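Colleague: Before we start, here is the structure in question, set down as structure tokens.
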Amino acid sequence: MWRREFAQYNAGIFQKDLLAGLTVAAVALPLALAFGVASGADAAAGLVTAVLSGILIGFLGGAPYQISGPTGAMSAILIVLATRYGLEGVWLAGLLAGVMILALGIFRLGRVVALIPSPVISGFTSGIAVIIAFGQIDNFLGIKTPAAENVVEKLAIYAESGLAPNWTAVAVALVVMATMILWPRFAWGKRVPGSLVGIVLATLLVVLAGWEVPTIGAIPRSILLEQRLRLTAVPWQELGNLIVPAMSIAALGSIESLLCGAVAGNMTGVRMFTSIELIAQGIGNIIIPFFGGVPATAAIARTSVNVKSGGVTRLVSVIHGLVILGAALLFGGLIGRVPLAALAGVLMVTAWRMNEWHAIHFFFGRRLKHAMLAFSLTLIATVLLDLTQAILIGFGISTLVFMSQISNLSIVRQPVDAARLGSKGQGFVHPAYPVTVYYLSGPLFFAAARKLVEDVEGQDVAQATLILSMRGVPLLDATGIEVLRELWHRQQRGGGDLLLTSMDQRVESLLRRGGLLDELGPSRLFWSADKAILSLGGKLGWETAVPDTALPKDNILTTQTIEPFADRAES
């Protein structure tokens, strides 16, 4: 993969990578500061994460365009962990999550993430946006209130303590927000990110005006932070409590990374190697806590900037990491004077933009009930509960939606018209009992199998011959087998009969293993419904079908080869 990527590398391509790396770094720097603070750590932790993930994950990743670092979605999980268990809990959970992601990559389980429906992901993302916005109210208003584990608790704290805003901080945040919104309209908006411009303007305003507002504080001139995970001080007693949060971090990191790869892959036409990407994400998140950083994942916004800036290889990610490292080492003093309110403004706009508005409009504009329900429930669960529970609920909703969709078994009931067959040269049919063909389409799983029983029970067909055309049934489970057996026994008790036709090889194998085909016998199994119908002439007292030469050539019904399904000599 790397050899092919760099096979024709030259100075021209390096120039493109360098310019793209500088552009991505300009976008990533303010976000790294903001997400470090939003994670419950500090701005320095965000910088360390951006540097290490850019260099390590970017170099080892499964695609040349991926840019990883701290993200808003991840910070929403981490702030809860930091509140409960402190930074040691965040680091240990990040380490465990890295091991889990690494295992997903090694065992090639990345495709499991694709099973999560897009409404669940959109609802989860919108819920995270709400959490990020509420989490920045303190910095936005320039106040300090007790930490809370969810939005409801935070609202209760505000209601109890009241709000006394620092209007200077509010003004700083509004300056940044206005800059981020208006800057893209200018010519330079595509080259220099509005978030960086807004932070610079806000910082200059605070310094020149002498305003008293909380700032980031000192930035260490080292990539190895004083506060970091140490093997001699790992809080092993909390290991059991951190397993589920680590699973949430691993799930979110995998989802974001693979979604980012899918989006960028569509933009570039270059496929991402899923397993390699997950292995890289796992390795990066195992190492980062030992430097004091927070869990990282691929970021769609920064990756999109890379693609649009003309980046060609994975060196863009490495360059962006080195540029951020250089900025931290050379300008750490200036960065430390950035107001927290400025970062709050960045995060407020970022939270708004995180929402997948096109998807939300599609779900609700088209009134897609399943999508609307999944989106709304996931959003509410994300906001009201902690994100670990929300992810579990999201998986549950995914399962319920899937079950609902596969339960849509299509049943078309078609009584055999004896007179019509006779008029087409099929012989005059005088059956002792009616014959009905059921055309089934869809998986015959437990959620749908009962629908077939209910339909049959609603018809007076106990003495009829039922022909089940299984051509549209790709799969069935144990319940489906038992339902077919129940129909067979029901027809036996009523004096009727049951024939099966047009079975898929997998369906036939399952029915044979379930013992139903042995009960029915080969005389009740046919390749098609028309052969089953014609085979009934003698059984039901019909007149013998006319020779094949008398049949219309375009008619699918034929008297040729009406042998049972079990005889494969004619196949």
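Colleague: Conditions first: (1) farther than 16 Å from residue 115 by Cα; (2) crowded, with 16+ Cβ neighbours inside 10 Å. Residue 257 passes all but one, so which condition is the exception?
Modeller: Residue 257 satisfies every listed condition except (1).
Colleague: State all residues of the range 274-306 that are at pLDDT 95 or above, surrounded by fewer than 20 Cβ atoms within 10 Å (Cβ to Cβ) and farther than 13 Å from residue 52 by Cα; if no residue qualifies, say none.
Modeller: If the condition is that a residue be at pLDDT 95 or above, surrounded by fewer than 20 Cβ atoms within 10 Å (Cβ to Cβ) and farther than 13 Å from residue 52 by Cα, then 275, 276 are the ones that fit.
Colleague: Could I ask something else about it? Run down 327, 371, 359 and say which single residue is more than 16 Å from the chain's Cα centre (by Cα) and either assigned by TED's automatic domain parsing to the domain that holds residue 40 or on the phi > 0 side of the Ramachandran plot (or both).
Modeller: Criteria check complete, one pass: 327.
Colleague: Still on this structure, I have one more. Quick one: would you say residue 238 is among the acidic types (Asp, Glu), surrounded by 22 or more Cβ atoms within 10 Å (Cβ to Cβ) and not in a loop (DSSP other than H, G, I, E, B)?
Modeller: No, not satisfied.
Colleague: Next up: Which of the numbered conditions does residue 168 fail, given that it passes all the others? Conditions: (1) closer than 22 Å to residue 35 by Cβ; (2) in contact with a Phe, Trp or Tyr (Cβ under 8 Å, 6 or more places away or on another chain).
Modeller: Against the list (1) closer than 22 Å to residue 35 by Cβ; (2) in contact with a Phe, Trp or Tyr (Cβ under 8 Å, 6 or more places away or on another chain), residue 168 comes up short only on (1).
Colleague: Out of (1) surrounded by fewer than 21 Cβ atoms within 10 Å (Cβ to Cβ); (2) modelled with pLDDT under 85, the odd one out for residue 504 is which?
Modeller: Looking at each condition in turn, residue 504 falls short on (2).
Colleague: Here's something else I'd like to know. Would you mind stating whether residue 247 is out of contact with any Phe, Trp or Tyr (no Cβ under 8 Å at 6 or more places or on another chain), within 19 Å of residue 297 (Cβ to Cβ) and part of a loop (DSSP other than H, G, I, E, B)?
Modeller: no
Colleague: Moving to a separate point now. Can you find, within the range 328-369, the residue that is nearest to residue 124 (Cα to Cα) among those that are of a type in the set (Lys, Arg) and assigned to a helix (DSSP H, G or I)?
Modeller: Out of the qualifying residues, it is 353.
Colleague: Any residue in the range 348-373 that's under 21 Å from residue 135 (Cα atoms): show its pairings with residues that are assigned to a loop (DSSP other than H, G, I, E, B) at Cβ separation under 7 Å, as long as the two are six or more apart or on different chains.
Modeller: Partner pairs satisfying both residue conditions: 348/136.
Colleague: Is it fair to say residue 395 is over 30 Å from residue 476 (Cβ atoms), among the aromatic types (Phe, Trp, Tyr) and surrounded by fewer than 16 Cβ atoms within 10 Å (Cβ to Cβ)?
Modeller: no
Colleague: Somewhere in the range 535-550, is a residue within 21 Å of residue 412 (Cα to Cα), at pLDDT 50 or above and part of a helix (DSSP H, G or I)?
Modeller: Checked against the condition, which is being within 21 Å of residue 412 (Cα to Cα), at pLDDT 50 or above and part of a helix (DSSP H, G or I), the range 535-550 yields no hits at all.
Colleague: Now a separate question. Against the conditions (1) assigned to a helix (DSSP H, G or I); (2) more than 17 Å from residue 27 (Cα to Cα), where does residue 325 fall short? Just the number, please.
Modeller: Tallying (1) assigned to a helix (DSSP H, G or I); (2) more than 17 Å from residue 27 (Cα to Cα), residue 325 fails exactly one: (2).
Colleague: Here's another thing I want to ask about it. Restricting attention to the range 430-476, which residues are loosely packed, with under 15 Cβ neighbours inside 10 Å and at pLDDT 90 or above?
Modeller: Once the filter is applied, which keeps residues that are loosely packed, with under 15 Cβ neighbours inside 10 Å and at pLDDT 90 or above, the range 430-476 yields only 474.
The values are calculated or read from the model by the stated rules, or taken from the named source; none is laboratory data. Worth saying up front: this structure is predicted, and the values here are computed from it rather than measured. Don't worry about glycine lacking a Cβ; one is built from the backbone with ideal geometry, like all the others, and counts go over all protein chains shown.
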